[in-house]
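So the structure is just underneath, and the comments pick up after that.
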């Protein structure tokens, strides 16, 4: 099956310690901020009532064109009209999500929930409240923190999107060093802060003869790409793709496919996962331990891990964390599942230790390499 390799390859050794939950947010006799599972509320209906009583949900860094988040947010708003969703900084990086939690701590505008790349999640466990969603057992063990501090939501493969009217079809990293790509190759953010950009360097590492234990080969590739004048420091969006500013983009396969869908009829956009070793990764959900709306934060998580919403991520071209369990239970949308690109035969996913080491190396060497 298209996504089985992605889950099977994920070997995340998550060993950070659990944190103590806060004590704010009591509702209907339940301390929502201390709740670690649905059982603490007594029932799903009780959780819903507590969240409705709060009346707000603060999300951050959820672009509506990212993995179909727009439809997911709209469904939550339709189902719970009593809860106002406050969408902050949709284009923020994972690191900026954590910074927002730090800066806004104690304020009613602080984020309730996070959606984070693994490297930032591993570094930020002190900000998270432990929680185990009802479908916890259906999340593969390698895709969740053992103490419930964060857990995978959706994933995909690092790919290259390109405008076939502007550049020849690339088939390898080496192609992107050619004259035809001068001033045309972008990545999605800064790899010291953004998960997608981090993964771009990871993919370049394994495609450039390196190993996940050492991202230097990926840094070397982008240093060379920059030296020949092909690397551009523009964060790609549908607008930059439409305008022709970023005709070649390293990004997750589901985001590149999203560009193609968004720009249908305006600009041609093709997506390729290079032959050889595929680089896969998941984003992760977590609850802010200082969430101003702790019941709504937990309701949001239960909502996300329903089969209906997992299929909405699938509709956005991403592979949901509950994929295997949903296939076995007959809950997966078969048409959407069949439409996923074929998974590379050889797939790698960095472990927690590898991600941490890569983050340190990038912090030391990235800026100098592409200055």
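When the residues of the stretch 120-169 are filtered to those that are not in a strand (DSSP E or B) and not assigned by TED's automatic domain parsing to the domain that holds residue 324, which remaining residue is nearest to residue 302 (Cα to Cα)?
Selected residue: 163.
Say we look at the stretch 341-370 and pick out the residues that are assigned to a loop (DSSP other than H, G, I, E, B) and in contact with a helix residue (DSSP H, G or I) (Cβ under 8 Å, 6 or more places away or on another chain); which of these is modelled with the highest pLDDT?
Filtering first and then ranking leaves 370.
Looking only at the stretch 76-89, count every residue that is closer than 24 Å to residue 319 by Cα and surrounded by 15 or more Cβ atoms within 10 Å (Cβ to Cβ) and tell me the total.
Going through the stretch 76-89 one residue at a time, the tally reaches 2.
I'd like to know if the stretch 176-190 contains one or more residues that are closer than 23 Å to residue 364 by Cβ, surrounded by fewer than 21 Cβ atoms within 10 Å (Cβ to Cβ) and touching a residue at least 40 places away in the same chain (Cβ under 8 Å).
Yes, the stretch 176-190 contains at least one residue that is closer than 23 Å to residue 364 by Cβ, surrounded by fewer than 21 Cβ atoms within 10 Å (Cβ to Cβ) and touching a residue at least 40 places away in the same chain (Cβ under 8 Å).
Return the residues of the stretch 45-75 that are surrounded by fewer than 20 Cβ atoms within 10 Å (Cβ to Cβ) and in a loop (DSSP other than H, G, I, E, B); say none if nothing qualifies.
Hits for the stretch 45-75 are 55, 63, 64, 65.
Pick from the stretch 251-269 the residues that are closer than 16 Å to residue 166 by Cβ and crowded, with 16+ Cβ neighbours inside 10 Å: which of them is farthest from the chain's Cα centre (by Cα)?
Here the answer is 267.
Only helices (runs of 4 or more DSSP H) wholly contained in the stretch 285-338 count here; list those with 1 or more residues that are touching a residue at least 60 places away in the same chain (Cβ under 8 Å) and surrounded by 20 or more Cβ atoms within 10 Å (Cβ to Cβ).
Answer list for the stretch 285-338: 294-304, 307-315, 323-329.
I want to confirm something. Restricting to the stretch 170-195 and keeping residues that are part of a loop (DSSP other than H, G, I, E, B) and more than 16 Å from the chain's Cα centre (by Cα), which single residue is farthest from residue 288 (Cα to Cα)?
Per the stated criteria, the residue is 178.
Could you tell me which numbered condition residue 189 fails, if it satisfies all but one of (1) touching a strand residue (DSSP E or B) at 6+ places or on another chain (Cβ under 8 Å); (2) at pLDDT below 95?
For residue 189, the exception is condition (1).
Of the residues 217, 286, 280, which single one is within 30 Å of residue 365 (Cα to Cα), touching a helix residue (DSSP H, G or I) at 6+ places or on another chain (Cβ under 8 Å) and at pLDDT below 95?
Only one candidate qualifies: 280.
Would you check which residues across the stretch 232-247 are in contact with a helix residue (DSSP H, G or I) (Cβ under 7 Å, 6 or more places away or on another chain) and either surrounded by 24 or more Cβ atoms within 10 Å (Cβ to Cβ) or in a loop (DSSP other than H, G, I, E, B) (or both) and list them?
234, 241, 246
If residue 275 passes every condition in (1) out of contact with any strand residue (DSSP E or B) (no Cβ under 8 Å at 6 or more places or on another chain); (2) assigned by TED's automatic domain parsing to the domain that holds residue 211; (3) surrounded by fewer than 24 Cβ atoms within 10 Å (Cβ to Cβ); (4) in a helix (DSSP H, G or I) but one, which one does it miss?
(4)
Regarding residue 199, is this residue surrounded by 24 or more Cβ atoms within 10 Å (Cβ to Cβ), in the same structural domain as residue 313 (by TED's automatic domain parsing) and either in contact (Cβ under 8 Å) with a residue 40 or more places away in the chain or closer than 30 Å to residue 147 by Cβ (or both)?
no
If residue 265 satisfies all but one of (1) out of contact with any strand residue (DSSP E or B) (no Cβ under 9 Å at 6 or more places or on another chain); (2) assigned to a helix (DSSP H, G or I); (3) over 22 Å from residue 47 (Cβ atoms), what's the number of the condition it fails?
(2)
Residue-by-condition table, conditions (1) at pLDDT 95 or above; (2) buried (at least 24 other Cβ atoms within 10 Å of the Cβ); (3) within 24 Å of residue 69 (Cα to Cα):
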{"position": "96", "(1), (2), (3)": "yes, no, yes"}
{"position": "99", "(1), (2), (3)": "yes, no, yes"}
{"position": "118", "(1), (2), (3)": "no, yes, yes"}
{"position": "147", "(1), (2), (3)": "yes, no, no"}
{"position": "160", "(1), (2), (3)": "yes, yes, yes"}
{"position": "166", "(1), (2), (3)": "yes, no, no"}
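Looking at the structure I just gave you, is residue 198 closer than 28 Å to residue 357 by Cβ, at pLDDT 95 or above and either in a loop (DSSP other than H, G, I, E, B) or in contact with a strand residue (DSSP E or B) (Cβ under 7 Å, 6 or more places away or on another chain) (or both)?
Yes.
The values are calculated or read from the model by the stated rules, or taken from the named source; none is laboratory data. These figures come from a predicted structure and were not determined experimentally. Every residue, glycine as well, gets a Cβ built from its backbone with ideal geometry; the counts of neighbours run over all protein chains shown.
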